[in-house]
Each structure stands twice: as structure tokens, then as C-alpha cells.
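As C-alpha cells, the structure follows; a few thoughts come after it.
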Amino acid sequence: MESASAAADPVGSGAGEKGLKTGAIGYLSNLVISTASVAPAYSLAATLGFVVAVNGVGLAAPAVMLVSFIPMLLIAAGYYYMNRADPDCGTSFTWVTRAMGPYLGWLTGWVIVAADIVVMATLAYIAGVYTFLLFGLDAASTNLLDISIAAAVWIAVMTWICYVGIELSARIQYVLLTIEIITLALFSIVALIKVYGSPGPASIHVSGSWFNPFSIPFGSLIDGVLLGVFIYWGWDSGVCVNEESRDAANGPGKAAVMSTLLLLAIYLVVSAAAQAYGGEKYLVHHHNDVLGALGGKVFGSPLDKLLIITVLTSASASTQTTILPTARTTLSMARFGAIPKAFGRIHERYLTPDVSTLTMGAVSLIWTLFIINVSTNVLGDSIIGLGFQIAFYYGLTGFACAIYYRKELFKSFRNFMLVGVAPFLGGLMLTGIFVKALTFYQDPIENYSGSFLGIGTSVAVGVGLILLGVVVMIWANIVYPRFFRRKPEIAEPGILEGTVTGTASVMAD
């Protein structure tokens, strides 16, 4: 039978054929990029207080972190197995296209790009604010013009780093993530030593009930998980550089799984230490920046600057690793003939997707300056709206894995559970989260900035951008008909056993 990929894939679209610098980075770089993209310090600083504040959660916030981790691990398994079959830098776009057809595939690519552009505003905003806080310029840290200038500089710098090569990007991530993890570990150790040695007035000892999800009412647990999913998002960035990695079919996928485990450990330890030292009420009161508020109390001056540096490096690192995968998604989409071919161009010297990278930086800059100067409340709602997009494309990737390998699932119990049940269950969980979030946040009262056209702003941003993608897809179907004539594919027998490698696939029946 003729290979579907051989019949339908345009020349230069296959994994390893796009002109990226192959073999440039190793497994450790994949792991660093995956972890740094999540921005664990920033995510904790901006989210932990909100999780604690959820009615019925309180000090059981670590349990919410644990439950939120489960769908991430299940979807990471899907990424691992799909990457074994097709180590393409387009990741979810390519895999959903192969398994579920071009329409869902194209929409997946759109949602990935939209989500990355939306999150750039808050990352650049935080990087700008913390730059001024680091140098004691408190007035500038609240001035929108100053913040806008600083945010623009950060986006420009990180775009340039992504433009000039993957090795420089990886080396910078090593430095930024090392600073981040060491500081978070030091914060946790010092906070716990003080809790058990010289506790503050609100300090409490760590309790096993904090880690027990069954101690939380089911409705409250789901509300907490809506926030918890966001703090794990981004580990797939390490898979997007698969075509530039050594052992492209295995290393990036393993890094995705390992990064979720590393993130779980960070979140459980730091969240427990933070609430043990500060107490529930303090975290709720300082929900906008838990780590910044606790830094002065745990470390004292001038060491409190360490946490400011950590959140700054976290946000700036994630800014860079958001541009990196988005440019590769649009590169793959262009090479598959799904968007203008200019996005598929590779720089002759740097071997990076230059047009895609510069376009991502420019669009992110425009979006960031617009959102920052419209309202910080809208900025907050846009972050909630990201949850819809995350659940959408992660969920589809989980479903795609089970569908793509469907003829291999019953060859062994291991295949059935790890390649079929795990990713599919992750997709179902994220679908449930999507529906729950939709019913909860469509009420304007539950949004920071109220409503847009009578709909909660977070829903308008999150779901609205997905629906806009459907409209643009209709136009793309007219302009790029060859791509939309693709047929779904199934995995070539032998990929899971290791007897077949690469992008081999056959047409679905």
C-alpha cells in the first residue's frame, strides 16, 4: 500500500527536511526548554494565592497541584508516542492532521499560535514590572508607559536570541532555569526551617491533608484544577525543537514526560513551604504575587531580591521559549502548504525560521502593547482564557495519539494502556475542564473585567479566538485546497516495537 505521507506531504515538509540545524541540542537541553517554558516561579507567584482562595480548597492547594498534574502527564505520554512516529517540529499540528484530518489539524495549529501570542502579553508585562522592582524603581513598576517600554525591549531581545540560533537559546535557558530552581529550593528550605525553628505568627506545620485531593469538595477541586492546568502548560516547547535535537524521535518526548514530573516536585514543595510559612489568609491577601510578598519575610533584605530575580528570569525565559516553538509550528504549517509559504523560510546562516520568528515577535509586541494599555483586568482575563486553548489542543493531541495507533493498541497490554488509554483519558479530562470552565466563566461576575458583548471576557478571549480560527480556516480551505484534501493516516506497524522509525504511515481505511 502506498504511504499516505509519501503521497500527500509536500517536498521539504517532512521531519528533518526543513533546513533546521539538526543534532544541535541534546536531551538535557530538551528538558531545560520544556521546564523553563512553563515558568514555574512566575506561575507559582501568580497562581498559588488564587488556588488557595478557591472556596473549599484553602491549604489543600498542593492537592490541586497533584490532580492538575495527572492530565498533563497523560498528554505528555501522547506527545512521547506521537513524536516517535513523527518527530516533526509542528508537533500537535502535524500529529492531529495525520490522525484526525486537515481541518482539526489546521485549527490545532491556529490555537497553538493564538495561545502563545496571548500569553506573551502577561510574560512581557511581568518581566517589565520586575525589571523595575529589581532596581528599586517602584514608581516605574506601576507606570504603564514605562512597563510598555520595558516589555517591548524584553520581547525584542528574546526574539533576537531565537532568531540567531537554537544553541544560544538553549545556553541562555540553562542559566535562567538554574537560577530559578536554586532560588526556589533555597526559599523552600529557609521557609520550612523558620516554620519549625522560629515560626511567624501565621506559620503552621505541614500536614498530610494538604496533599489529599479527597479532602476537597469535588466542585471546589475542579475549580482549582482550572487554575492548576495553566501552571503546567508549556512543557511541549521542548518537543517543538525535535528536528534540531539529537535522538529526535525519543529524546524530546522523554523530556516532555520528565519535565511534568520535575514541575510536580517543584510545585508541591514550594506551595507547601509558602503556605506553611505565610498561612492561608496571607496568601489569599497577596494572591497577585505570593513569592514577592513572602520574599522579604523569608529571606529579609537584601536577599529578598533573589525572588524578584527569580520571577524576572522565569518570565523572561518563558518569553523566549514561547517564541521558539510558535515559530516552528508556523514553519511546519507553511511547509505543509497550510499557510503562506514565506513562513517556511529558513535563514541561510542561522538555520532558524527567520520569517516565522520575526513575525511572532512583531505580533506579540503589538498584542502586548495593546492589552497592557487597555486594562490589566483584561490581561488577567486573557490568562484565564488561555485555559480553553490549552485544553483544546492538548486534548486533541491525546485523542490523536489513541486514534493514530488504534491498530497497534491490542497487540499488548502496554500498548493499550500507555499509548491508548492514557492519552485518551487525558483528552477526556481536559475536555471536561473545558466544559466546566465554559459554564463557570461565561458569567461576567466571574471575570476581572466583566463581559464583552454580554459574554465573560475570559470566554470571549479564549473561545472567541478558537471560533475566529474556524473562520480563518474557511478562507484557508479556499486558498490552500491541496492541504485540506489530505486523508487521515494510521501508524505504520513496528513503530512501537522499534523495527520501523521516522514518519512512516499508511492511509486509514
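Can you tell me the 0 to 90 degree angle between the C-alpha axis of helix 102-134 and the longest principal axis of the chain, rounded to 10? Approximately 30 degrees, to the nearest ten. Within a straight-line Cα-Cα reach of under 20 Å, Lys297 can be paired with the following aspartates and glutamates, leaving aside sequence neighbours fewer than 8 residues apart in one chain: Asp138, Glu180, Glu280, Asp289. Compute the Cα gyration tensor for segment 205-326, then decide on rounded, prolate or oblate, letting a ≥ b ≥ c be the square roots of its eigenvalues: rounded whenever a/c is under 1.5, prolate when a/b is larger than b/c in the other cases, and oblate in all that remain. Oblate, since a/c reaches 1.5 and b/c is not below a/b. Taking the charge dipole of the chain about its Cα centre, with +1 at Lys and Arg Cβ atoms and -1 at Asp and Glu Cβ atoms, the residue from Ala115, Ala338, Ala45 reaching farthest to the positive side is Ala338.
Using the 1.4 Å probe convention, the accessible area of the chain works out to 37 Å² per residue with neighbouring protein chains retained. For the chain, the Cβ-based charge dipole about the Cα centre amounts to some 480 debye (Lys, Arg positive; Asp, Glu negative; other atoms uncharged). Between 0 and 90 degrees, the angle of helix 166-197 with respect to the longest Cα principal axis of the chain falls at about 30 degrees.
Charge dipole of segment 318-470 (Cα centre as origin; +1 on each Lys and Arg Cβ, -1 on each Asp and Glu Cβ, all else neutral): 740 debye, rounded to the nearest 20. Hey, what angle do you get for helix 305-335 against the long axis of the chain, alpha-carbon based, 0 to 90 degrees rounded to 10? The angle comes out near 10 degrees.
Leaving ligands, DNA and RNA out of it, report the carbon-plus-sulfur percent of the accessible area of the chain at a 1.4 Å probe. For the chain, the apolar C and S fraction of the accessible surface comes to 69 percent. Placing +1 on the Cβ of every Lys and Arg and -1 on the Cβ of every Asp and Glu, with no other charges, gives segment 158-268 a dipole of roughly 360 debye about its Cα centre. Only one residue of Ala327, Phe434, Leu177 has its Cα farthest out toward the positive end of the dipole of the chain, where Lys and Arg carry +1 and Asp and Glu -1 on Cβ, and that residue is Ala327.
By the gyration tensor of its Cα atoms, with a ≥ b ≥ c the square roots of the eigenvalues, what is the shape of segment 99-142: rounded for a/c under 1.5, prolate for a/b over b/c, or oblate? Cα axes put segment 99-142 in the prolate bin.
Think of segment 356-484 as having a plus end and a minus end, set by charges on the Cβ of Lys, Arg, Asp and Glu; of Tyr393, Val378, Leu453, Tyr393 sits farthest toward the positive end of this dipole. For a test of the definition: using alpha carbon positions, the gyration tensor, and the 1.5 limit on a/c, classify the chain as rounded, prolate or oblate. Prolate, because a/c is 1.5 or more and a/b exceeds b/c.
Dividing the Cα radius of gyration of segment 17-165 by its Kirkwood radius returns 1.02 for Rg/Rh. Within the straight-line cut-off of under 16 Å between alpha carbons, the aspartates and glutamates reachable from Lys194 are Asp304, sequence neighbours fewer than 8 places apart in one chain being disregarded.
The values are calculated or read from the model by the stated rules, or taken from the named source; none is laboratory data. Note that this is a predicted model, so its numbers are computed, not measured. Neighbour counts are summed over all protein chains in view; Cβ atoms, including those assigned to glycine, are modelled from backbone coordinates with ideal geometry. Ligands, DNA and RNA are excluded from the accessible area calculation, which covers all protein heavy atoms including side chains. Shrake-Rupley method; radii C 1.70, N 1.55, O 1.52, S 1.80 Å.
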